[in-house]
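The values are calculated or read from the model by the stated rules, or taken from the named source; none is laboratory data. Since this is a predicted model, take the numbers as computed values, not measurements. Cβ sites come from the backbone with ideal geometry, for glycine too, and all protein chains shown count toward neighbours.
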Amino acid sequence: MAVSTRSEEKPVLRIAMVGHVDHGKSTLIGRIRHELSSLPGTSAVDPSIGGNWAYVVDQLQEEREREMTIDTTQTFLETPALRLIFIDVPGHQELIQNMLTGATRAEAAVLVLAADEGVRVQTRRHALLLSMLGIHSVIVAVNKMDLVGRSETAFHALADAILAELGVLGITASATIPVVARDGDNVVTASAAMPWYAGASVVEALGEVETVAADFDGVRFPVQDVYRHDVPTVVGRLLSGSIAEGDALIVCPGGAKVRVAAVRRFPENHAPVEAGESVGLVLEGELPKRGDVLAADDDLPRSSAELAGRVFWLASQPLAVGEELALRCGTRSATVRVAAVADRLDSATLDPLPGTGQLGSMELATVTLSAGTPLVVEPFTRLPGLGRFVLERGGTPAGFGIVP
(Lines give C-alpha, C1' and ligand atoms only; values in the text may rest on other atoms or scores of the structure.)
Protein backbone atom coordinates (compact mmCIF):
# COMPACT_ATOMS: atom_id res chain seq x y z
CA MET A 1 0.00 0.00 0.00
CA ALA A 2 0.94 3.65 -0.02
CA VAL A 3 3.43 4.92 2.52
CA SER A 4 2.21 6.63 5.70
CA THR A 5 3.91 9.86 6.73
CA ARG A 6 3.33 9.12 10.43
CA SER A 7 2.53 5.83 12.09
CA GLU A 8 -0.76 7.06 13.50
CA GLU A 9 -2.06 8.42 10.19
CA LYS A 10 -3.75 6.66 7.32
CA PRO A 11 -1.53 5.79 4.36
CA VAL A 12 -1.25 8.62 1.81
CA LEU A 13 -1.36 8.07 -1.95
CA ARG A 14 -0.63 10.90 -4.41
CA ILE A 15 -2.25 10.29 -7.78
CA ALA A 16 -1.58 12.20 -11.00
CA MET A 17 -4.68 12.46 -13.19
CA VAL A 18 -3.37 12.52 -16.75
CA GLY A 19 -4.68 12.24 -20.30
CA HIS A 20 -5.65 14.19 -23.40
CA VAL A 21 -7.52 17.49 -23.05
CA ASP A 22 -11.29 17.11 -22.56
CA HIS A 23 -11.12 13.40 -21.84
CA GLY A 24 -12.58 13.99 -18.37
CA LYS A 25 -9.83 14.12 -15.75
CA SER A 26 -11.36 16.94 -13.71
CA THR A 27 -14.86 15.50 -14.12
CA LEU A 28 -13.69 12.17 -12.70
CA ILE A 29 -12.14 13.83 -9.63
CA GLY A 30 -15.25 15.94 -9.09
CA ARG A 31 -17.49 12.88 -9.28
CA ILE A 32 -15.29 11.01 -6.80
CA ARG A 33 -15.58 13.95 -4.42
CA HIS A 34 -19.34 13.92 -4.78
CA GLU A 35 -19.60 10.16 -4.27
CA LEU A 36 -17.48 10.37 -1.13
CA SER A 37 -19.71 13.19 0.19
CA SER A 38 -16.91 15.74 0.08
CA LEU A 39 -18.96 18.35 -1.75
CA PRO A 40 -20.99 20.91 0.20
CA GLY A 41 -24.40 19.41 0.95
CA THR A 42 -25.59 15.89 0.26
CA SER A 43 -27.77 16.29 -2.80
CA ALA A 44 -26.91 14.36 -5.98
CA VAL A 45 -26.32 17.59 -7.91
CA ASP A 46 -25.04 20.65 -6.09
CA PRO A 47 -26.74 23.81 -7.42
CA SER A 48 -23.46 25.75 -7.66
CA ILE A 49 -22.05 23.14 -10.04
CA GLY A 50 -25.05 22.41 -12.23
CA GLY A 51 -23.90 18.85 -12.79
CA ASN A 52 -20.51 19.86 -14.20
CA TRP A 53 -18.23 17.92 -11.84
CA ALA A 54 -15.08 19.45 -13.35
CA TYR A 55 -16.06 22.75 -11.71
CA VAL A 56 -15.20 21.19 -8.35
CA VAL A 57 -11.56 21.02 -9.44
CA ASP A 58 -11.24 23.80 -12.05
CA GLN A 59 -11.53 26.70 -9.64
CA LEU A 60 -10.32 29.55 -11.84
CA GLN A 61 -12.99 31.39 -13.77
CA GLU A 62 -10.86 31.19 -16.93
CA GLU A 63 -10.68 27.40 -16.52
CA ARG A 64 -14.44 27.17 -16.20
CA GLU A 65 -15.06 29.40 -19.20
CA ARG A 66 -12.57 27.51 -21.38
CA GLU A 67 -13.59 24.14 -19.87
CA MET A 68 -9.98 23.01 -19.51
CA THR A 69 -7.52 22.76 -16.64
CA ILE A 70 -4.84 25.45 -16.91
CA ASP A 71 -2.85 24.98 -13.74
CA THR A 72 -2.03 21.95 -11.61
CA THR A 73 -4.50 21.57 -8.74
CA GLN A 74 -4.66 19.20 -5.79
CA THR A 75 -7.77 17.63 -4.28
CA PHE A 76 -7.60 15.95 -0.86
CA LEU A 77 -9.99 13.09 -0.07
CA GLU A 78 -10.27 10.32 2.49
CA THR A 79 -11.59 6.79 2.31
CA PRO A 80 -11.99 4.59 5.40
CA ALA A 81 -8.52 3.11 4.74
CA LEU A 82 -6.63 5.73 2.72
CA ARG A 83 -5.91 9.42 2.25
CA LEU A 84 -5.94 10.36 -1.44
CA ILE A 85 -4.29 13.41 -3.00
CA PHE A 86 -5.45 13.85 -6.61
CA ILE A 87 -3.10 15.99 -8.70
CA ASP A 88 -5.11 17.19 -11.70
CA VAL A 89 -2.70 18.13 -14.47
CA PRO A 90 -3.44 19.93 -17.75
CA GLY A 91 -3.91 17.94 -20.94
CA HIS A 92 -3.30 20.73 -23.44
CA GLN A 93 0.03 20.72 -25.32
CA GLU A 94 0.89 24.31 -24.40
CA LEU A 95 0.58 23.40 -20.71
CA ILE A 96 2.83 20.33 -20.73
CA GLN A 97 5.25 22.10 -18.34
CA ASN A 98 2.44 22.30 -15.75
CA MET A 99 1.79 18.60 -16.29
CA LEU A 100 5.44 17.79 -15.54
CA THR A 101 5.41 19.95 -12.41
CA GLY A 102 2.39 18.10 -11.07
CA ALA A 103 3.34 14.57 -12.06
CA THR A 104 6.75 14.69 -10.37
CA ARG A 105 4.97 14.69 -6.99
CA ALA A 106 2.87 11.60 -7.69
CA GLU A 107 3.38 7.94 -6.75
CA ALA A 108 0.64 6.59 -9.02
CA ALA A 109 -1.46 7.78 -11.94
CA VAL A 110 -4.92 7.47 -13.44
CA LEU A 111 -4.75 7.76 -17.23
CA VAL A 112 -8.12 8.96 -18.49
CA LEU A 113 -9.08 7.96 -22.05
CA ALA A 114 -12.29 9.15 -23.74
CA ALA A 115 -14.12 6.24 -25.38
CA ASP A 116 -15.32 8.33 -28.32
CA GLU A 117 -11.83 9.59 -29.23
CA GLY A 118 -9.45 6.85 -28.07
CA VAL A 119 -5.67 7.27 -27.90
CA ARG A 120 -4.65 10.81 -28.86
CA VAL A 121 -1.40 12.78 -28.99
CA GLN A 122 -1.49 13.95 -25.38
CA THR A 123 -2.45 10.46 -24.22
CA ARG A 124 0.85 9.21 -25.61
CA ARG A 125 2.82 12.19 -24.32
CA HIS A 126 1.48 11.86 -20.80
CA ALA A 127 2.13 8.12 -20.82
CA LEU A 128 5.68 8.75 -22.06
CA LEU A 129 6.29 11.26 -19.29
CA LEU A 130 4.90 8.88 -16.66
CA SER A 131 7.40 6.30 -17.87
CA MET A 132 10.18 8.89 -17.86
CA LEU A 133 9.33 9.84 -14.26
CA GLY A 134 9.28 6.22 -13.15
CA ILE A 135 5.56 6.19 -12.34
CA HIS A 136 4.55 2.62 -13.21
CA SER A 137 1.51 2.26 -10.92
CA VAL A 138 -1.09 3.23 -13.53
CA ILE A 139 -4.86 2.74 -13.67
CA VAL A 140 -6.63 3.32 -17.00
CA ALA A 141 -10.12 4.84 -16.83
CA VAL A 142 -11.90 4.52 -20.20
CA ASN A 143 -14.32 7.44 -19.73
CA LYS A 144 -17.43 8.57 -21.64
CA MET A 145 -18.55 4.97 -22.24
CA ASP A 146 -22.07 6.34 -22.73
CA LEU A 147 -20.91 7.80 -26.05
CA VAL A 148 -20.23 4.28 -27.36
CA GLY A 149 -23.43 2.80 -25.95
CA ARG A 150 -21.61 1.34 -22.91
CA SER A 151 -20.54 -1.41 -25.29
CA GLU A 152 -18.35 -4.24 -23.99
CA THR A 153 -16.90 -4.78 -27.47
CA ALA A 154 -15.95 -1.10 -27.80
CA PHE A 155 -14.37 -1.13 -24.33
CA HIS A 156 -12.16 -4.12 -25.05
CA ALA A 157 -11.00 -2.60 -28.34
CA LEU A 158 -10.04 0.63 -26.55
CA ALA A 159 -8.43 -1.27 -23.67
CA ASP A 160 -6.31 -3.32 -26.09
CA ALA A 161 -5.17 -0.14 -27.87
CA ILE A 162 -4.07 1.76 -24.76
CA LEU A 163 -2.47 -1.29 -23.12
CA ALA A 164 -0.39 -1.82 -26.26
CA GLU A 165 0.76 1.81 -26.15
CA LEU A 166 1.67 1.53 -22.46
CA GLY A 167 3.46 -1.77 -23.05
CA VAL A 168 5.85 -0.08 -25.46
CA LEU A 169 6.84 2.23 -22.59
CA GLY A 170 7.25 -0.58 -20.08
CA ILE A 171 4.06 0.28 -18.19
CA THR A 172 1.63 -2.46 -17.15
CA ALA A 173 -1.74 -1.06 -16.05
CA SER A 174 -2.97 -2.51 -12.76
CA ALA A 175 -6.61 -2.03 -13.87
CA THR A 176 -8.52 -0.92 -16.97
CA ILE A 177 -11.99 0.31 -16.06
CA PRO A 178 -15.02 1.36 -18.18
CA VAL A 179 -16.31 4.63 -16.70
CA VAL A 180 -18.94 7.31 -17.16
CA ALA A 181 -17.53 9.92 -14.80
CA ARG A 182 -20.48 12.27 -15.25
CA ASP A 183 -22.95 9.62 -14.04
CA GLY A 184 -20.68 7.85 -11.56
CA ASP A 185 -20.53 4.53 -13.42
CA ASN A 186 -17.70 2.43 -11.91
CA VAL A 187 -16.27 5.49 -10.20
CA VAL A 188 -16.71 4.46 -6.55
CA THR A 189 -19.04 1.46 -6.87
CA ALA A 190 -19.97 -1.01 -9.60
CA SER A 191 -22.29 0.20 -12.35
CA ALA A 192 -25.55 -1.63 -13.05
CA ALA A 193 -25.50 -0.03 -16.50
CA MET A 194 -22.45 -2.11 -17.50
CA PRO A 195 -23.15 -5.54 -15.93
CA TRP A 196 -20.60 -7.21 -18.20
CA TYR A 197 -17.78 -5.55 -16.23
CA ALA A 198 -16.96 -7.38 -12.99
CA GLY A 199 -13.70 -5.64 -12.01
CA ALA A 200 -12.86 -2.92 -9.48
CA SER A 201 -14.17 0.64 -9.55
CA VAL A 202 -11.65 3.50 -9.84
CA VAL A 203 -11.58 4.11 -6.09
CA GLU A 204 -11.38 0.39 -5.33
CA ALA A 205 -8.47 0.04 -7.76
CA LEU A 206 -6.68 2.95 -6.09
CA GLY A 207 -7.02 1.16 -2.76
CA GLU A 208 -5.15 -1.79 -4.25
CA VAL A 209 -2.22 0.21 -5.64
CA GLU A 210 1.15 -1.03 -4.45
CA THR A 211 3.70 1.77 -4.48
CA VAL A 212 7.42 1.19 -4.25
CA ALA A 213 8.71 2.46 -0.93
CA ALA A 214 11.88 4.53 -1.12
CA ASP A 215 14.78 2.42 0.12
CA PHE A 216 17.46 5.12 -0.10
CA ASP A 217 18.41 6.62 3.25
CA GLY A 218 21.74 8.29 2.51
CA VAL A 219 22.14 11.83 3.85
CA ARG A 220 21.45 14.46 1.18
CA PHE A 221 21.11 18.09 2.31
CA PRO A 222 21.17 20.62 -0.57
CA VAL A 223 22.30 23.99 0.77
CA GLN A 224 19.79 26.73 0.07
CA ASP A 225 21.65 29.61 1.73
CA VAL A 226 24.06 30.59 4.52
CA TYR A 227 22.78 33.09 7.08
CA ARG A 228 25.51 35.12 8.79
CA HIS A 229 23.54 37.24 11.30
CA ASP A 230 25.13 35.98 14.54
CA VAL A 231 26.41 32.40 14.28
CA PRO A 232 26.72 31.40 10.58
CA THR A 233 23.88 28.96 9.85
CA VAL A 234 23.47 26.76 6.79
CA VAL A 235 19.82 26.40 5.79
CA GLY A 236 18.08 23.92 3.52
CA ARG A 237 15.75 20.94 3.30
CA LEU A 238 16.95 17.42 4.09
CA LEU A 239 15.94 15.24 1.13
CA SER A 240 16.87 11.89 2.66
CA GLY A 241 18.47 10.29 5.69
CA SER A 242 18.81 12.00 9.07
CA ILE A 243 21.25 14.45 10.64
CA ALA A 244 22.06 14.76 14.36
CA GLU A 245 24.24 17.14 16.31
CA GLY A 246 27.77 15.80 16.30
CA ASP A 247 27.52 14.16 12.87
CA ALA A 248 30.47 14.43 10.48
CA LEU A 249 29.50 15.39 6.92
CA ILE A 250 31.18 16.03 3.58
CA VAL A 251 30.55 19.13 1.46
CA CYS A 252 29.96 18.00 -2.12
CA PRO A 253 31.43 18.51 -4.66
CA GLY A 254 34.40 20.13 -2.91
CA GLY A 255 35.07 17.39 -0.37
CA ALA A 256 35.53 19.60 2.70
CA LYS A 257 34.80 17.94 6.06
CA VAL A 258 32.40 19.60 8.50
CA ARG A 259 30.77 18.71 11.81
CA VAL A 260 27.22 19.57 12.91
CA ALA A 261 27.60 21.68 16.04
CA ALA A 262 23.89 22.48 16.41
CA VAL A 263 20.50 22.01 14.78
CA ARG A 264 18.45 25.19 14.66
CA ARG A 265 14.66 25.20 14.50
CA PHE A 266 11.92 27.55 15.64
CA PRO A 267 10.75 26.93 18.28
CA GLU A 268 14.06 25.60 19.57
CA ASN A 269 14.43 21.84 19.15
CA HIS A 270 17.73 19.97 18.91
CA ALA A 271 16.32 16.57 17.93
CA PRO A 272 17.81 14.83 14.86
CA VAL A 273 16.67 16.23 11.51
CA GLU A 274 14.41 13.84 9.55
CA ALA A 275 13.92 13.69 5.78
CA GLY A 276 11.55 16.40 4.56
CA GLU A 277 12.42 18.94 7.27
CA SER A 278 13.72 22.43 6.51
CA VAL A 279 16.20 23.49 9.21
CA GLY A 280 19.35 25.42 9.94
CA LEU A 281 22.66 23.75 10.73
CA VAL A 282 25.53 25.35 12.63
CA LEU A 283 28.67 23.75 11.24
CA GLU A 284 32.27 23.51 12.38
CA GLY A 285 34.63 23.75 9.43
CA GLU A 286 34.63 25.47 6.05
CA LEU A 287 31.18 26.83 5.24
CA PRO A 288 29.48 25.46 2.12
CA LYS A 289 27.71 27.67 -0.41
CA ARG A 290 24.32 27.59 -2.09
CA GLY A 291 24.07 24.61 -4.42
CA ASP A 292 26.47 22.41 -2.43
CA VAL A 293 25.14 19.16 -0.97
CA LEU A 294 25.98 17.83 2.50
CA ALA A 295 26.36 14.04 2.65
CA ALA A 296 27.75 11.34 4.93
CA ASP A 297 31.27 10.26 4.00
CA ASP A 298 30.28 6.58 3.68
CA ASP A 299 27.78 7.25 0.85
CA LEU A 300 28.63 10.21 -1.36
CA PRO A 301 26.47 11.38 -4.30
CA ARG A 302 27.54 11.33 -7.93
CA SER A 303 29.72 14.32 -8.78
CA SER A 304 30.84 15.04 -12.34
CA ALA A 305 31.36 17.90 -14.78
CA GLU A 306 29.56 15.86 -17.46
CA LEU A 307 25.95 14.77 -17.24
CA ALA A 308 23.88 12.59 -19.59
CA GLY A 309 20.15 12.92 -18.97
CA ARG A 310 16.86 12.14 -20.66
CA VAL A 311 15.51 15.53 -21.73
CA PHE A 312 11.99 16.48 -22.80
CA TRP A 313 12.26 19.69 -24.81
CA LEU A 314 9.51 22.32 -24.38
CA ALA A 315 10.70 25.40 -26.27
CA SER A 316 9.58 26.16 -29.81
CA GLN A 317 13.17 26.72 -30.99
CA PRO A 318 15.18 23.45 -31.07
CA LEU A 319 18.04 22.61 -28.76
CA ALA A 320 21.33 22.31 -30.67
CA VAL A 321 24.75 20.81 -29.97
CA GLY A 322 27.11 23.56 -28.80
CA GLU A 323 24.38 25.70 -27.23
CA GLU A 324 24.88 27.05 -23.70
CA LEU A 325 22.02 27.01 -21.21
CA ALA A 326 21.42 27.35 -17.48
CA LEU A 327 20.84 24.10 -15.59
CA ARG A 328 18.99 24.03 -12.28
CA CYS A 329 19.13 20.90 -10.12
CA GLY A 330 18.19 20.99 -6.44
CA THR A 331 19.49 24.36 -5.22
CA ARG A 332 22.33 24.46 -7.78
CA SER A 333 22.42 26.63 -10.88
CA ALA A 334 25.20 26.16 -13.45
CA THR A 335 26.00 27.04 -17.03
CA VAL A 336 26.21 23.95 -19.24
CA ARG A 337 27.01 23.30 -22.88
CA VAL A 338 25.22 20.73 -25.03
CA ALA A 339 27.85 18.16 -26.06
CA ALA A 340 25.62 15.58 -27.77
CA VAL A 341 21.99 14.70 -28.59
CA ALA A 342 21.12 11.03 -29.12
CA ASP A 343 18.17 8.60 -29.13
CA ARG A 344 15.55 11.15 -30.22
CA LEU A 345 11.90 10.15 -29.82
CA ASP A 346 8.71 11.70 -31.20
CA SER A 347 6.43 12.06 -28.18
CA ALA A 348 3.31 12.22 -30.37
CA THR A 349 3.89 8.83 -32.01
CA LEU A 350 6.61 7.27 -29.79
CA ASP A 351 8.59 6.63 -32.99
CA PRO A 352 12.41 7.05 -33.01
CA LEU A 353 13.76 10.01 -34.98
CA PRO A 354 16.98 10.34 -37.00
CA GLY A 355 19.98 11.99 -35.40
CA THR A 356 20.40 15.63 -36.41
CA GLY A 357 22.33 17.14 -33.52
CA GLN A 358 19.14 18.96 -32.48
CA LEU A 359 16.13 18.33 -30.25
CA GLY A 360 12.81 19.78 -31.37
CA SER A 361 9.80 20.87 -29.37
CA MET A 362 7.92 18.01 -27.65
CA GLU A 363 10.74 15.58 -28.45
CA LEU A 364 12.66 13.40 -26.01
CA ALA A 365 16.35 12.50 -26.23
CA THR A 366 19.46 11.63 -24.27
CA VAL A 367 21.39 14.89 -23.97
CA THR A 368 25.01 15.05 -22.81
CA LEU A 369 25.82 18.27 -20.96
CA SER A 370 29.24 19.65 -20.00
CA ALA A 371 29.68 22.04 -17.08
CA GLY A 372 32.63 24.12 -15.98
CA THR A 373 32.43 22.71 -12.44
CA PRO A 374 31.22 19.35 -11.07
CA LEU A 375 27.46 18.84 -10.68
CA VAL A 376 26.05 16.84 -7.75
CA VAL A 377 23.26 14.53 -8.89
CA GLU A 378 21.57 11.20 -8.14
CA PRO A 379 19.63 8.80 -10.39
CA PHE A 380 16.00 9.96 -10.44
CA THR A 381 14.71 6.57 -9.30
CA ARG A 382 16.99 6.79 -6.26
CA LEU A 383 16.31 10.38 -5.20
CA PRO A 384 14.03 12.56 -7.36
CA GLY A 385 15.11 15.78 -5.62
CA LEU A 386 18.62 15.45 -7.06
CA GLY A 387 17.63 13.40 -10.09
CA ARG A 388 15.59 15.94 -12.04
CA PHE A 389 16.74 19.17 -13.62
CA VAL A 390 15.43 22.11 -15.63
CA LEU A 391 17.21 23.67 -18.60
CA GLU A 392 16.66 27.41 -19.05
CA ARG A 393 17.23 29.51 -22.14
CA GLY A 394 17.30 33.26 -21.54
CA GLY A 395 15.85 32.83 -18.07
CA THR A 396 12.85 30.82 -19.31
CA PRO A 397 12.41 27.08 -18.69
CA ALA A 398 12.95 25.33 -22.01
CA GLY A 399 13.45 21.67 -21.12
CA PHE A 400 12.97 19.15 -18.34
CA GLY A 401 15.30 16.25 -17.68
CA ILE A 402 16.00 13.33 -15.39
CA VAL A 403 19.22 11.53 -14.49
CA PRO A 404 18.94 7.84 -15.42
* Answer yes if at least one residue in the stretch 264-274 is part of a strand (DSSP E or B), surrounded by 15 or more Cβ atoms within 10 Å (Cβ to Cβ) and among the charged types (D, E, K, R), and no otherwise. => yes
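Quick test for you: out of Glu210, Glu204, pick the one residue that is at pLDDT below 90 and among the charged types (D, E, K, R).
Numbers: Glu204 fails: at pLDDT below 90.
Only one candidate passes the filter, namely Glu210.
For the stretch 327-349, how many residues meet the condition of being part of a loop (DSSP other than H, G, I, E, B), over 30 Å from Arg220 (Cα atoms) and out of contact with any helix residue (DSSP H, G or I) (no Cβ under 6 Å at 6 or more places or on another chain)? First the steps, then the outcome.
Step one: list which residues in the stretch 327-349 are part of a loop (DSSP other than H, G, I, E, B), which gives 330-331, 347-349.
Narrowing the set further to residues that are over 30 Å from Arg220 (Cα atoms) leaves 347-349.
Remaining after also requiring out of contact with any helix residue (DSSP H, G or I) (no Cβ under 6 Å at 6 or more places or on another chain): 349.
Selection size over the stretch 327-349: 1.
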* Criterion: assigned to a strand (DSSP E or B), among the hydroxyl-bearing types (Ser, Thr, Tyr) and in contact (Cβ under 8 Å) with a residue 24 or more places away in the chain - qualifying residue of Thr172, Thr176 -> Thr176
* Structure fact -> Counting only residues in the stretch 351-404 that are over 25 Å from Ile135 (Cβ atoms) and in contact with a Ser or Thr (Cβ under 8 Å, 6 or more places away or on another chain), the one surrounded by the fewest Cβ atoms within 10 Å (Cβ to Cβ) is identified as Gly372
* To do: Pick out the one residue from Ala244, Ala157, Ala256 that is of a type in the set (Gly, Ala, Ser) and either in contact with a Phe, Trp or Tyr (Cβ under 9 Å, 6 or more places away or on another chain) or assigned by TED's automatic domain parsing to the domain that holds Ile32 (or both).
  => Ala157
* To do: Kindly provide the set of residues from the stretch 297-355 that are farther than 26 Å from Glu165 by Cα and of a type in the set (Asp, Glu), ordered by number.
  => Asp297, Asp298, Asp299, Glu306, Glu323, Glu324
* To do: Mind telling me which of the residues Ala340, Ala295, Ala348, Ala320 ends up being surrounded by fewer than 17 Cβ atoms within 10 Å (Cβ to Cβ), over 30 Å from Arg120 (Cβ atoms) and not polar (S, T, N, Q)?
  => Ala340
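Taking the condition of being outside any helix (DSSP H, G or I) and touching a Leu at 6+ places or on another chain (Cβ under 7 Å), how many residues in the stretch 120-138 meet it? Walk me through how you get there before you give the answer.
Residues of the stretch 120-138 outside any helix (DSSP H, G or I): 120, 133-138.
Filter again for touching a Leu at 6+ places or on another chain (Cβ under 7 Å), leaving 138.
Of the residues in the stretch 120-138, 1 are outside any helix (DSSP H, G or I) and touching a Leu at 6+ places or on another chain (Cβ under 7 Å).
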